[in-house]
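Novice: Can you keep this structure in mind? I'll have questions shortly.
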Amino acid sequence: MNASTTAVAPAVDDLRSRLTGDAYVPSDEAYGVERLAWNLSADQNPPLIAVVETAQDVVEVVNYARAYGMRVAPQGTGHGAAALQSLEDSILLRTTRMRGVTIDVEGRSARAEAGTIWTDVTEPAAEHGLVALHGSSPNVGIVGYTLGGGMGWLARSHGLAANSVTAIELVTADGRLHRIDHETEPELFWAIRGGGGSFGIVTAIEFDLYPMTEIYAGWLIFPIERSAEVLHGWREWTQTVPDTVTSVGRILRLPPFEDIPEPLRGRQLVVIEAAYQGTQAEGEALIAPLRELGAEMDTFAVMPASQLVRLHQDPEDPVPGAGDGSMLADGPAEAIDAFIQTAGPDSGSTLLSAELRHIGGAIARRVPGSGAARLDGEYVMFAVGIAMTPEMHAAAEADVRRIQSALEPWSMHNYFNFSEMPGDGDEQFDPDTYALLQEVKERFDADELIVANHPIRPAS
Ligand SMILES: Cc1cc2nc3c(=O)[nH]c(=O)nc-3n(C[C@H](O)[C@H](O)[C@H](O)COP(=O)(O)OP(=O)(O)OC[C@H]3O[C@@H](n4cnc5c(N)ncnc54)[C@H](O)[C@@H]3O)c2cc1C
């Protein structure tokens, strides 16, 4: 029983009788498990949780919500749950049981149901020498990631995941199931590819896969005291590299956890990570200037492309975290100094990780048919701390805010997927793009039945 929930969902047995999946209220034992997001710091207390199994289940939940004046918040893993606003009048719609995947080897594409995580696709795709445009975490939800843009290790050459989507099946607020693509409902198809989950509840998504079996990738690891020379060296290097390499400069404060390998456990480090699509010889020549910095550890090697999904070593088990990001229009040396002052060795930061990802290349290119995602900057920052207690949460949030303020002179709107604090969608877009998104919201969900993190508000 969850004492924080006061609203009572009506006619729940009627809804249950219509679902293949389940519906839980706070007095049900399963409610306590289903309300947990991957980010354990999100305290979700909706009056009703629907665990759907089919697209028709989604239709039933949407119709029920409309009939009883409730709202619906779709959620896969809950990696993005910290940014959700209150669920007091909402049904939390969990898609976790919808894990079906079909790989079309000849057509080089995948169809993934709403609750799939990245490894559901990367593993079967690898058996056919194909890769997807996943991000740095193996168990982030494909739908949430892609609807927010989706930026990973291949993004500078292959673009955002949202722009490799070929079709989306979704239920709109009127309870209708659509299959949309570039020709059918093109405005909605544009908006949802980058504008997030405000426009409908996705039941399945189809996207392109790319041939690739190997990649040259790894980490260069240095003690945190060397942050300035390493991060300045990395920044200068990023100004010279081709789009076939994506890299990250990162400051890590690793906890003394058993599952962290002994030489790194409990240490404070500065790290360069990179993935290059080319041969070992080319890769070695490319990273030679970084190797000249003299890393304490060097893991660069040719690896199966399927291992890229774990290169960043993101945590897979649920954790309580507090994080947020910034997007930098450009990243001069002064921006690196500001980053080091607030995240580096003498900053007093408590954060687990503070990173700068090099973007640009195909990420920023607007090609015909691109979706609404906007990552026009040169670097994107993301910082996160472990938040086991309210005090740790407050400290992490303050540390993240400090980095964001220091980077303010170079910052533009935030990147949707790296925004982990609640706030409307207007913080993630330029005003013109946001106005267009609002028109689509107005047309498909003027009453805001669908609840998303970073909601797009209707035009009126
Ligand atoms: C450890 C970690 C690593 C990450 N790495 C990257 C990265 O490399 N690149 C990157 O771009 N992002 C990355 N992210 C951000 C991540 O892409 C977003 O948090 C994303 O929203 C997570 O999607 P989800 O479905 O797993 O999360 P959820 O919290 O389940 O969903 C987030 C939001 O997506 C929408 N949504 C989910 N399912 C549906 C649906 N069926 N229909 C409609 N809307 C839906 C909803 O608005 C929901 O609030 C990372 C996040 C974490 C925590």
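The values are calculated or read from the model by the stated rules, or taken from the named source; none is laboratory data. The shown structure was predicted, so the numbers you read here are calculated from the model rather than taken from an experiment. Ideal geometry is used to build each Cβ from the backbone, glycine not excepted, and the neighbour counts take in all protein chains shown.
Novice: Of all residues in region 145-179, which are among the hydroxyl-bearing types (Ser, Thr, Tyr) and farther than 23 Å from residue 427 by Cα?
Specialist: 157, 164, 166, 172
Novice: Mind listing whichever residues of region 82-102 are over 19 Å from residue 23 (Cα atoms), part of a strand (DSSP E or B) and among the polar types (S, T, N, Q)?
Specialist: 102
Novice: So, one more: Count, please, the residues in region 369-405 that happen to be away from the ligand (no atom under 15 Å from the Cβ) and either free of Cβ contacts under 8 Å to residues at least 24 places away in the same chain or under 13 Å from residue 325 (Cα atoms) (or both).
Specialist: Within region 369-405, residues that are away from the ligand (no atom under 15 Å from the Cβ) and either free of Cβ contacts under 8 Å to residues at least 24 places away in the same chain or under 13 Å from residue 325 (Cα atoms) (or both) number 12.
Novice: Does any residue in region 406-434 that is free of Cβ contacts under 8 Å to residues at least 60 places away in the same chain and among the acidic types (Asp, Glu) come within less than 6 Å, Cβ to Cβ, of a residue that is away from the ligand (no atom under 15 Å from the Cβ) and in a helix (DSSP H, G or I) six or more places away or on a different chain, and which pairs are these?
Specialist: 426/434
Novice: Return the residue satisfying two criteria in turn: it lies in region 33-79 and is hydroxyl-bearing (Ser, Thr, Tyr) and under 30 Å from residue 389 (Cα atoms), and of such residues it is nearest to the chain's Cα centre (by Cα).
Specialist: Applying the filter and picking the extreme gives 77.
Novice: Restricting attention to region 1-37, which residues are of a type in the set (A, V, I, L, M, F, W, C), touching a strand residue (DSSP E or B) at 6+ places or on another chain (Cβ under 8 Å), part of a loop (DSSP other than H, G, I, E, B) and at pLDDT 95 or above?
Specialist: Within region 1-37, 19, 25, 30, 37 qualify.
Novice: Please go through (1) under 30 Å from residue 127 (Cβ atoms); (2) more than 16 Å from the ligand (Cβ to nearest atom) for residue 362 and return the number of the only condition it doesn't satisfy.
Specialist: In the conditions (1) under 30 Å from residue 127 (Cβ atoms); (2) more than 16 Å from the ligand (Cβ to nearest atom), residue 362 misses (2) alone.
Novice: Given the conditions (1) away from the ligand (no atom under 13 Å from the Cβ); (2) farther than 29 Å from residue 15 by Cα; (3) out of contact with any Leu (no Cβ under 7 Å at 6 or more places or on another chain), and given that residue 110 satisfies all but one, which numbered condition is not satisfied?
Specialist: Evaluating residue 110 over (1) away from the ligand (no atom under 13 Å from the Cβ); (2) farther than 29 Å from residue 15 by Cα; (3) out of contact with any Leu (no Cβ under 7 Å at 6 or more places or on another chain) leaves (3) as the failure.
Novice: While we're here: For residues that are on the phi < 0 side of the Ramachandran plot and within 13 Å of the ligand (Cβ to nearest atom), tally how many sit in region 60-85.
Specialist: The qualifying residues number 16.
Novice: Pick from region 259-306 the residues that are more than 27 Å from the chain's Cα centre (by Cα) and assigned to a loop (DSSP other than H, G, I, E, B): which of them is surrounded by the most Cβ atoms within 10 Å (Cβ to Cβ)?
Specialist: The residue in question is 295.
Novice: So which residues in region 344-368 are aliphatic (A, V, I, L, M) and touching a residue at least 24 places away in the same chain (Cβ under 8 Å), if there are any at all? So that I can check it myself, show each step before the final result.
Specialist: Step one: filter region 344-368 for residues aliphatic (A, V, I, L, M), giving 351-352, 354, 356, 359, 362-364, 367.
Once the filter is applied, which keeps residues that are aliphatic (A, V, I, L, M) and touching a residue at least 24 places away in the same chain (Cβ under 8 Å), region 344-368 yields 351, 352, 354, 356, 359, 362, 363, 367.
Novice: Of the residues in region 215-238, how many are in a helix (DSSP H, G or I) and more than 30 Å from residue 129 (Cα to Cα)?
Specialist: Number satisfying all stated conditions: 14.
Novice: Working carefully through the options 413, 393, find the one that is modelled with pLDDT under 95 and more than 13 Å from residue 198 (Cα to Cα).
Specialist: Values: 393 fails: modelled with pLDDT under 95.
None of the others qualify; the one that does is 413.
Novice: Of these, 362, 406, which one is in a helix (DSSP H, G or I) and surrounded by fewer than 17 Cβ atoms within 10 Å (Cβ to Cβ)?
Specialist: 362
Novice: Could you list, in sequence order, the residues of region 417-441 that are among the acidic types (Asp, Glu) and within 28 Å of residue 37 (Cα to Cα)?
Specialist: Across region 417-441, the qualifying residues are 420, 424, 426, 427.
Novice: Please give the number of the condition residue 141 fails out of (1) closer than 27 Å to residue 183 by Cβ; (2) in contact with a Lys or Arg (Cβ under 9 Å, 6 or more places away or on another chain).
Specialist: Tallying (1) closer than 27 Å to residue 183 by Cβ; (2) in contact with a Lys or Arg (Cβ under 9 Å, 6 or more places away or on another chain), residue 141 fails exactly one: (2).
Novice: Looking at region 179-200, can you tell me whether even one residue there is surrounded by fewer than 17 Cβ atoms within 10 Å (Cβ to Cβ), within 26 Å of residue 109 (Cα to Cα) and either within 16 Å of the ligand (Cβ to nearest atom) or in the same structural domain as residue 300 (by TED's automatic domain parsing) (or both)?
Specialist: yes
Novice: Among the residues of region 445-457, are any more than 16 Å from the ligand (Cβ to nearest atom) and either touching a helix residue (DSSP H, G or I) at 6+ places or on another chain (Cβ under 7 Å) or in a helix (DSSP H, G or I) (or both)?
Specialist: Taking every residue of region 445-457 in turn, none turns out to be more than 16 Å from the ligand (Cβ to nearest atom) and either touching a helix residue (DSSP H, G or I) at 6+ places or on another chain (Cβ under 7 Å) or in a helix (DSSP H, G or I) (or both).
Novice: So which residues in region 154-178 are assigned to a loop (DSSP other than H, G, I, E, B) and buried (at least 18 other Cβ atoms within 10 Å of the Cβ), if there are any at all?
Specialist: Our first condition is that a residue be assigned to a loop (DSSP other than H, G, I, E, B); within region 154-178, this holds for 154, 159-160, 172-176.
Matches in region 154-178: 154, 159, 160, 172, 173.
Novice: Can you find even one residue in region 113-122 that is among the polar types (S, T, N, Q), within 9 Å of the ligand (Cβ to nearest atom) and touching a residue at least 24 places away in the same chain (Cβ under 8 Å)?
Specialist: Checked region 113-122: no residue is among the polar types (S, T, N, Q), within 9 Å of the ligand (Cβ to nearest atom) and touching a residue at least 24 places away in the same chain (Cβ under 8 Å).
Novice: Can you name the condition, by its number, that residue 370 falls short on among (1) of a type in the set (Ser, Thr, Tyr); (2) not assigned by TED's automatic domain parsing to the domain that holds residue 349; (3) not in a helix (DSSP H, G or I)?
Specialist: For residue 370, the failing item is (2).
Novice: Next question, about the same structure. Sort through 257, 300 and tell me the only one that's out of contact with any Leu (no Cβ under 6 Å at 6 or more places or on another chain) and modelled with pLDDT of 95 or more.
Specialist: From the options 257, 300, the qualifying one is 300.
Novice: Further question: Tell me, please, whether a residue that is polar (S, T, N, Q), more than 26 Å from residue 30 (Cα to Cα), under 22 Å from the mean Cα position of the chain (by Cα) and more than 9 Å from the ligand (Cβ to nearest atom) can be found in region 126-143.
Specialist: Checked against the condition, which is being polar (S, T, N, Q), more than 26 Å from residue 30 (Cα to Cα), under 22 Å from the mean Cα position of the chain (by Cα) and more than 9 Å from the ligand (Cβ to nearest atom), region 126-143 yields no hits at all.
Novice: If I ask for residues that are of a type in the set (Ser, Thr, Tyr) and under 18 Å from residue 459 (Cα atoms), which ones from region 168-204 would you list?
Specialist: Once the filter is applied, which keeps residues that are of a type in the set (Ser, Thr, Tyr) and under 18 Å from residue 459 (Cα atoms), region 168-204 yields 172, 198.
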